[in-house]
Each structure stands twice: as C-alpha cells, then as structure tokens.
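Before we start, here is the structure in question, set down as structure tokens.
The values are calculated or read from the model by the stated rules, or taken from the named source; none is laboratory data. These numbers were taken from a predicted model, which means no experiment stands behind them. Glycine gets a Cβ as well: all are built from the backbone with ideal geometry, and neighbour counts include every protein chain shown.
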Amino acid sequence: MLPIFNPLGTPGNTAIQKYMNSKKVPQIFVSTGAAKWNDPKSFPWTMGWQPSYQVEARIYGKYILQNYPGKTVGVLYQNDDFGKDYVTGLKDGLGAQASKLIANGISQMRWFLLNVIGTWIGL
C-alpha cells in the first residue's frame, strides 16, 4: 500500500493510527498540531508535520508573562486533544505563574452553540 500523505485532522488520524502502524503503512505529514504525533517509539509509521499546539501556546504564555505580568489568565478551550495540548503549552509558557491560569474545557457541541448564540446577540 502507498503511504497516506498529509491527512487532515486529529480525530480521523487518531482513529486509523494504530491500524496503519500495525500494517506498516506510513502516515506522512499528518496535518494537525497535536502532540501525539511526536511518538516515533510507539508509532514509527506516523510522522506529524506542523508545529505542535503546545509550542504555539508556550509562545503565547511567554508573551503574556512579558506584557501582562502578574495578571490572571482565563482560557475557554475545546475539550479535545487540540484544547488540552494548548492548555499544557500555555502552562509551560507561564511557568511559575501557571497557578494564575483559569482554564475550563468545553465540548465541541457547546463550543458550536456558544458561537452561534454569540453571533445572534452580537458578541
């Protein structure tokens, strides 16, 4: 079988990762920033492509420290791999100030509904 090249999205790729690796079919340049794609020991046939969500959020955390020292940070995140990786990176970037982080996970359906309602009421 030929490799799967640049498949998009964390959920779909997560669903096929074990199967693809058991059959030794390469998943090349998985197009998602989830940290799980950086595990060559467990999944040698899977290779991520884009920078991780954790690295991106770590950069934001450092920016917040430099520009808003001592402030409390609130995050409403998607309760999936994407959101959890972001919160992990943000905590890393905030370092000792991570205790000032208030994070609340929300399901994708609730996230969708908040966006729709927010649009209706002009948020």
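Which residues, counting only those in segment 28-45, are among the basic types (Lys, Arg) and in contact (Cβ under 8 Å) with a residue 40 or more places away in the chain? If you could, list the steps in order and put the result at the bottom.
First, pick out the residues of segment 28-45 that are among the basic types (Lys, Arg): 36, 41.
Hit for segment 28-45 is 36, nothing else.
Can you tell me how many residues in segment 73-115 are closer than 29 Å to residue 12 by Cα, surrounded by 13 or more Cβ atoms within 10 Å (Cβ to Cβ) and not small (Gly, Ala, Ser)?
21
For segment 53-72, does any single residue satisfy the condition of being within 19 Å of the chain's Cα centre (by Cα) and exposed (fewer than 12 other Cβ atoms within 10 Å of the Cβ)?
yes
Looking at (1) in the same structural domain as residue 104 (by TED's automatic domain parsing); (2) under 22 Å from residue 107 (Cα atoms); (3) without any contact (Cβ under 8 Å) to a residue 12 or more places away in the chain, can you tell me which one residue 74 breaks?
Unmet condition: (3).
Out of segment 7-37, which residues are surrounded by 12 or more Cβ atoms within 10 Å (Cβ to Cβ) and more than 15 Å from residue 82 (Cβ to Cβ)?
7, 16, 17, 18, 20, 21, 25, 26, 27, 28, 29
Shifting gears a bit: Considering (1) at pLDDT 95 or above; (2) buried (at least 18 other Cβ atoms within 10 Å of the Cβ); (3) over 15 Å from residue 98 (Cβ atoms); (4) not hydrophobic (A, V, I, L, M, F, W, C), say which one residue 41 fails and leave the rest.
It fails just one condition, (2).
Please verify whether residue 92 is among the charged types (D, E, K, R), in contact (Cβ under 8 Å) with a residue 40 or more places away in the chain and not assigned by TED's automatic domain parsing to the domain that holds residue 24, treating the condition exactly as stated. Please lay out each step first, then the result.
Working: among the charged types (D, E, K, R): yes; in contact (Cβ under 8 Å) with a residue 40 or more places away in the chain: no; not assigned by TED's automatic domain parsing to the domain that holds residue 24: yes.
So residue 92 fails the test.
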